[in-house]
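S.K.: Below is one structure. I have some questions about it.
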Amino acid sequence: KPCPLCDEAKEVLEAHKRRFVLQEVDITLPENSAWYDKYKYDIPVFHLNGKFLMKHQVDIQKFEDELTKLELQND
């Protein structure tokens, strides 16, 4: 903290918040050291259903496409 890039990403995702559950992970906490080692230079990082999706900024088209695929699979 602070994380302006994270704040910006959350703003972009805000319009879609009813379609997914956002789980934030503070990679600076000792229990998240594996995430820190992997992503310390690449925040924010986004995973969707446990799978890497994107990093640095939200690619809204990619996010929407992947979210739609998941929603269609679950219908």
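The values are calculated or read from the model by the stated rules, or taken from the named source; none is laboratory data. Note that this is a predicted model, so its numbers are computed, not measured. When we count neighbours, we look across all protein chains shown, and the Cβ atoms used for this are built from the backbone with ideal geometry, even at glycine. All accessible areas refer to the heavy atoms of the entire protein, side chains included, with ligands and DNA or RNA removed. Shrake-Rupley method; radii C 1.70, N 1.55, O 1.52, S 1.80 Å.
S.K.: What lysines sit close enough to LYS69 to cross-link, taking a C-alpha to C-alpha distance under 22 Å and skipping anything fewer than 8 places away on the same chain?
M.R.: Within the straight-line cut-off, LYS69 pairs with LYS10, LYS17, LYS51, LYS55.
S.K.: Just to confirm the number: angle between the C-alpha axis of helix 60-74 and the first principal axis of the chain, 0 to 90 degrees, nearest 10?
M.R.: For 60-74 against the chain, the angle is about 60 degrees.
S.K.: What residue among VAL58, VAL21, VAL45 has the largest mean-square fluctuation in a Gaussian network model of the chain, using Cα springs under 10 Å?
M.R.: VAL21
S.K.: Along the Cα→Cβ direction, 7 angstrom out, place labels at LEU53 and GLN73. What is the inter-label distance in nm?
M.R.: The two pseudo-label positions are separated by 1.2 nm.
S.K.: Something else now. Which FRET efficiency value, to the nearest 0.05, is calculated for ILE43 and GLU14 with the Förster distance at 25 angstrom and r the Cβ-Cβ distance? It would help to have the intermediate numbers written out before the result.
M.R.: Values: r = 18 Å, r/R0 = 0.74.
The pair ILE43/GLU14 has a calculated efficiency of 0.85.
S.K.: Against the empirical 2.2 N^0.38 Å scaling, what ratio does the C-alpha Rg of the chain come to?
M.R.: Values: Rg = 13.0 Å, N = 75, 2.2 N^0.38 = 11.3 Å.
In units of the globular-protein estimate, the chain measures up at 1.14.
S.K.: Sticking with this structure for a sec: Give, rounded to the nearest 20 debye, the magnitude of the charge dipole that the chain has about its Cα centre when Lys and Arg contribute +1 at Cβ and Asp and Glu contribute -1 at Cβ. Present the calculation step by step, with values, prior to reporting the outcome.
M.R.: Working: 11 positive and 15 negative charges, 22 e Å.
So the dipole magnitude of the chain works out to roughly 100 debye.
S.K.: Mind pulling the angle between the C-alpha long axis of helix 4-13 and the longest principal axis of the chain? Nearest 10 degrees, somewhere in 0 to 90.
M.R.: 10 degrees
S.K.: How much accessible area per residue does the chain have, counting only protein heavy atoms and a probe of 1.4 Å, in square angstrom? It would help to have the intermediate numbers written out before the result.
M.R.: Details: 6030 Å² over 75 residues.
Here the residues of the chain average 80 Å² of exposed surface.
S.K.: Could you calculate the contour length gain from ILE60 to ASP26, that is, 0.36 nm times the residue separation minus the distance between their Cα atoms, to one decimal place in nm? Don't jump to the answer; show the numbers that get you there.
M.R.: On the way: separation 34, 0.36 × 34 = 12.24 nm, distance 2.26 nm.
Length gained, ILE60 through ASP26: 10.0 nm.
S.K.: Could you tell me which of ASN49, ALA15, LEU72 has its Cα farthest along the dipole of the chain towards the positive end, charges placed at Cβ (Lys, Arg +1; Asp, Glu -1), taken about the Cα centre?
M.R.: ASN49
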